[in-house]
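This report refers to the structure that appears directly beneath it.
The values are calculated or read from the model by the stated rules, or taken from the named source; none is laboratory data. In this text the structure is predicted, and so the values were computed from the model without any measurement. As a convention, Cβ positions derive from the backbone with ideal geometry for all residues, glycine included, and neighbour counts pool all protein chains shown.
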């Protein structure tokens, strides 16, 4: 299925632009793209007319130029006619914003769209969706630009059945410094489904992590999706909704999907090494971790802390998530002890988790990280930094990043997310080391790497 012109269009028609409602979805979409994005945009009103001295075309067919994509925001009963006009014009695909299809009980109307599209090989996203956000290229969300918090361009491709969840997740991504290559709200997913998006992202050079918010599948669709993940060359993260009785009921009324048996689906995801996120918070943490480290780990972590309490919290979280905290080899402990500052040798605890105390300095932390990385029992380092300690410099993030690069083992850092510690955080992030804003968040990132390990 050719999706290039949906996600990277040069020209776009917005169908449904109103002459009387400035806040109509089509007007918002047209104005935003016309003024702020490089895609050449044409306004269409089924009755024609003029709006703000601009000609409104009565149909897509009246536009003189070739059109890559149409965004359709008219009443449901008018959509088939518009789709027919798009096909006749040679438009290469569409985003159907309009609701009132399967989610409202109009199954026949939705199936009519599907039949038309399949016969003409005319791909469309939706209906009942927000559509596509491609950074610096196109935005079909019917939300005013000033209301949206957009993540920077990055390497996470995100697909959501729910437009609201997608927009909310974009806020979380932006807050955590996670960039997106493409974000797509697929709504009722009548034509383009999760498996189609897997195909696109798998071959997209700008995407390194593929994430999904899924409410449900049609019969047989879930198994097809999971089987496709087995051939995917990139880590896949799934946040599955519809786990409870009420959640299952809500899924049906929202996007007309079948929630299915969650426990069965969850077990299958584990078998195929799909990283299942249990919450929105985990979804964010998983995406950040896997965007830095696409290859999985066995789940044997070495923990370095400047506070005994933080080490305890991390140990408890590791046990909760099934992450191992192995014993440190005696040779490793002896090497670290020999290289520590004399002032802390008598007060540190060199068991896993390592408690270097608040009296440690940069060289103690770096030394411990370097030699712990060389321990054969350890496949991931958790560095729990307490920047309040007087011996910790602003360069500690950059110094530890160099250790991670040289030793070749994943490192995950915890640093409180405060402006005064920004330089430490940037020292990690500029070197592609994930940073969590809580101890549990750091452990969640390790959980992501463990869940996607090669089978």
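Take residue 219 and tell me if it is surrounded by fewer than 21 Cβ atoms within 10 Å (Cβ to Cβ) and either touching a strand residue (DSSP E or B) at 6+ places or on another chain (Cβ under 6 Å) or closer than 30 Å to residue 433 by Cβ (or both). Let's see the steps before the verdict.
On the way: surrounded by fewer than 21 Cβ atoms within 10 Å (Cβ to Cβ): yes; either touching a strand residue (DSSP E or B) at 6+ places or on another chain (Cβ under 6 Å) or closer than 30 Å to residue 433 by Cβ (or both): no.
The answer is no for residue 219.
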Inset, instruction - For residue 331, work out the one condition from (1) over 22 Å from residue 177 (Cβ atoms); (2) out of contact with any helix residue (DSSP H, G or I) (no Cβ under 8 Å at 6 or more places or on another chain); (3) surrounded by fewer than 21 Cβ atoms within 10 Å (Cβ to Cβ); (4) in contact (Cβ under 8 Å) with a residue 12 or more places away in the chain it doesn't fulfil. - result: (4)
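What residue, of 427, 397, is closer than 17 Å to residue 305 by Cβ and either under 28 Å from the mean Cα position of the chain (by Cα) or at pLDDT below 95 (or both)? Show your work before the answer.
Working: 427 fails: closer than 17 Å to residue 305 by Cβ.
Going through 427, 397 in turn, the sole match is 397.
Sort out which residues of the stretch 155-175 are buried (at least 20 other Cβ atoms within 10 Å of the Cβ) and touching a helix residue (DSSP H, G or I) at 6+ places or on another chain (Cβ under 8 Å), and write them in order of number. Break it down stepwise before answering.
Initial filter on the stretch 155-175 (buried (at least 20 other Cβ atoms within 10 Å of the Cβ)): 155-163, 166-167, 169-170, 173.
Result: 155, 156, 157, 158, 159, 160, 161, 162, 169, 173.
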Inset, instruction - Show the residue pairs that are 6+ apart or on different chains and have beta-carbon atoms under 6 Å apart, the first residue being within the stretch 147-175 and without any contact (Cβ under 8 Å) to a residue 24 or more places away in the chain, the second being surrounded by fewer than 22 Cβ atoms within 10 Å (Cβ to Cβ). - result: 171/149
Inset, instruction - Quickly run through the stretch 52-67 and pick out the residues that are surrounded by fewer than 22 Cβ atoms within 10 Å (Cβ to Cβ) and in contact with a helix residue (DSSP H, G or I) (Cβ under 8 Å, 6 or more places away or on another chain). - result: 59, 61, 63
Inset, instruction - Kindly list the number of the only condition in (1) at pLDDT 95 or above; (2) closer than 26 Å to residue 10 by Cα; (3) within 18 Å of the chain's Cα centre (by Cα) that fails for residue 149. - result: (1)
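Name the one entry in 389, 341, 360, 393 that is assigned to a loop (DSSP other than H, G, I, E, B), buried (at least 24 other Cβ atoms within 10 Å of the Cβ) and at negative phi.
Values: 389 fails: buried (at least 24 other Cβ atoms within 10 Å of the Cβ); 341 fails: buried (at least 24 other Cβ atoms within 10 Å of the Cβ); 393 fails: buried (at least 24 other Cβ atoms within 10 Å of the Cβ).
Of 389, 341, 360, 393, the one residue that is assigned to a loop (DSSP other than H, G, I, E, B), buried (at least 24 other Cβ atoms within 10 Å of the Cβ) and at negative phi is 360.
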Legend entry - Residue satisfying condition, being farther than 22 Å from residue 90 by Cβ and not assigned by TED's automatic domain parsing to the domain that holds residue 157, within set 5, 57, 30, 37: 37
Inset, instruction - Give the stretch 407-420 a look and list any residue that's at pLDDT 95 or above and part of a helix (DSSP H, G or I), or say none. - result: 407
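Could you please let me know if residue 411 is without any contact (Cβ under 8 Å) to a residue 60 or more places away in the chain and either within 16 Å of residue 289 (Cβ to Cβ) or outside the structural domain of residue 445 (by TED's automatic domain parsing) (or both)?
Numbers: without any contact (Cβ under 8 Å) to a residue 60 or more places away in the chain: yes; either within 16 Å of residue 289 (Cβ to Cβ) or outside the structural domain of residue 445 (by TED's automatic domain parsing) (or both): yes.
Yes.
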Inset, instruction - Could you identify the single residue in 131, 100 that is crowded, with 24+ Cβ neighbours inside 10 Å, modelled with pLDDT of 95 or more and in contact with a helix residue (DSSP H, G or I) (Cβ under 9 Å, 6 or more places away or on another chain)? - result: 131
